[in-house]
Amino acid sequence: MSDYNITDFINTSTFILLGIPGLEMAHVWISIPFCTMYIIAILGNVTILFIVKREPSLHGPMYYFLCMLAVSDLVLSTAVLPKMLAIFWFISREINFSACLTQMYFIHCFSVMESGILVAMAFDRYVAICDPLRHSTILTNTMVAKIGLAVVLRGGTLILPYPFLARRWPYCRTNIIPHSYCEHIALVKLACADIHVSSYYSLSVAFLVTGLDVFFITVSYIQILRAIFSLPTRDARVKTFVTCGSHIFVILASYTPALFSFLMHRFGHNVALHFHIIIANVYLAVPPMVHPIIYGMRTKEIWDRLCHKYKGKGKHL
């Protein structure tokens with residue numbers, strides 16, 4: 001760290017990402033699970049997109065939303081992990097200010113989009129179970145496209161002030177960001193100015209997005225459970241509930257690390273900084289990895305197509 005000037009820094013063209021402060025000697029070992037998660041995320045999500053594209057029987061609302069989630073996971077993991085691994089492996093800590101703002105925008109933008117996609121998937125399950133006869137007329141291809149566009153516009157619009165506000169602050173204290181990526185608050189805290197606007201806006205977006213999305217998902221599943229428990233037989237209830245299993249696991253995989261990271265950031269003031277950073281990294285790296293695994297293992301249609309592809313290849317060998 002002594003190679004970098006941490007006082008009187010006035011050139012905001014380049015910033016320094018420290019990776020995981022305090023664990024620099026273990027960066028190579030820490031990189032192994034993160035590299036593994038990135039490889040699984042890329043292979044898993046590309047496989048989901050490939051299977052859905054090649055199988056006409058999977059061209060429906062549920063799988064369209066799943067493809068949106070896969071694209072979001074690919075962008076989110078690629079925005080974070082390559083630079084993080086470069087820090088761990090090659091000590092490539094420098095990042096251009098514009099590149100830092102771009103990374104920050106993509107991370108937060110696609111996190112908001114991912115949350116919106118989970119709401120859309122909950123709505124799809126709600127219609128499929130509570131009003132199955134109208135499912136195909138309500139969730140038409142046009143409606144799915146409109147929902148996807150709304151998710152993209154919401155994420156892009158809500159996060160757009162982040163880089164604009166961050167760019168207008170003067171940075172004269174340090175160019176060192178004690179993080180593995182350009183996290184919004186970690187960056188603006190370096191400004192020698194009153195950053196309450198950025199802080200309050202980011203907190204408002206977090207509460208607005210997470211609060212509303214969790215509320216809509218909860219309402220959807222309350223209605224779904226009511227419909228399931230009204231079914232006449234136990235087998236029918238179990239069979240119907242299983243169709244929601246993958247989505248429930250994905251929701252837990254997405255929101256549990258996010259909630260834990262948020263609670264750590266707000267209330268874990270006595271927790272070591274490196275633990276904060278590790279939790280933040282896990283929050284961004286784990287969901288893109290587990291989403292395709294959950295849907296691949298628990299969705300019969302995708303699992304059958306995947307097994308069919310491998311069996312077909314085995315016969316030709």
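Any read-out appearing in this document is the output of simple, stated calculations on the displayed coordinates, not a laboratory observation. Worth saying up front: this structure is predicted, and the values here are computed from it rather than measured. Glycine gets a Cβ as well: all are built from the backbone with ideal geometry, and neighbour counts include every protein chain shown.
Tabulated data for the structure shown
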| quantity | calculated |
| --- | --- |
| Per-selection metrics, the chain (Cα): Rg and Dmax in Å | 21.6, 72 |
| Mean residue ellipticity (222 nm) of the chain, computed from DSSP H runs ≥ 4 via -39,500 (n - 2.57), nearest 500 | -26500 deg cm²/dmol |
| Selected from THR218, THR102, THR157 as most flexible by GNM, with the chain as the system and alpha-carbon contacts under 10 Å | THR157 |
| Peptide ranges 110-116, 257-263, 227-233 listed from the most packed, as the mean C-beta count within 10 angstrom indicates | 110-116, 257-263, 227-233 |
| Overall Cα dimensions of the range 152-287, principal axis frame, Å, largest first | 68, 32, 22 |
| Rg in Å to one decimal, and Dmax rounded to a whole Å, for the range 13-85 via C-alpha atoms | 16.6, 51 |
| Viscosity 0.692 mPa s, temperature 37 °C, Stokes-Einstein D of the range 35-146 from Kirkwood C-alpha radius, µm²/s | 205 |
| Among CYS182, CYS109, CYS244, residue whose mean-square fluctuation peaks in a GNM of the chain (springs only between Cα atoms under 10 Å) | CYS244 |
| Alpha-carbon centroids, the range 50-73 and the range 108-161: separation in whole Å | 13 |
| The chain: most fluctuating residue of ARG173, ARG234, ARG93 per GNM, C-alpha cutoff 10 Å | ARG234 |
| Cα gyration tensor, the range 203-259 - rounded (a/c under 1.5), prolate or oblate | oblate |
| Sequence-separation-based contact order of the chain, relative, with Cα cut under 8 Å and 6+ spacing, percent | 29 |
